[in-house]
Amino acid sequence: MDDQAPTPKTQTAQTARTARTRTQQAESAPALSQASSQASSVGDRATVAAWDVPTRAFHWLLTAMIIAAVLTRKFGDLELFWHKLNGYGVLILVLYRLLWGVVGGSTARFSAF
């Protein structure tokens, strides 16, 4: 039977906490409004637009090519043929991403950052 009626002292502390929370929420509202401009509410959850498939493919391919470049440098042949190919591949990927950042989808464009 721990159900005790709240005392005036505990009610005052709870009221002060609630007021502080509301003040903090009001102060952070401008920052949240920018984030919510790209988010749409679905029920209780907010969904945020994610990167499109070409941008995700770029990130994964870039990661794989950098790992391959490190491995082919360490374990490759003396002429570094595969290492050089990985370097050219990374260059092509970066150029592609720069182009896609200008003409790509709304979530991939640099202006969306």
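The values are calculated or read from the model by the stated rules, or taken from the named source; none is laboratory data. Owing to the predicted nature of the structure, the values given are computational and were not obtained by experimental measurement. For neighbour counting, all protein chains shown are included, and Cβ atoms are generated from backbone atoms with ideal geometry for every residue, glycine included. Accessible surface is based on the protein model in full, side chains and every heavy atom, while ligands, DNA and RNA are left aside. Shrake-Rupley method; radii C 1.70, N 1.55, O 1.52, S 1.80 Å.
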For the stretch 87-102: of the residues being open to solvent by less than 90 Å² (accessible area, probe 1.4 Å) and among the aliphatic types (A, V, I, L, M), which is nearest to T72 (Cα to Cα)?
V90
Got at least one residue in the stretch 10-33 being surrounded by 13 or more Cβ atoms within 10 Å (Cβ to Cβ) and modelled with pLDDT of 60 or more?
no
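Out of the residues in the stretch 43-60 that are open to solvent by 90 Å² or more (accessible area, probe 1.4 Å) and within 25 Å of G104 (Cβ to Cβ), state the one that is modelled with the lowest pLDDT.
Out of the qualifying residues, it is V48.
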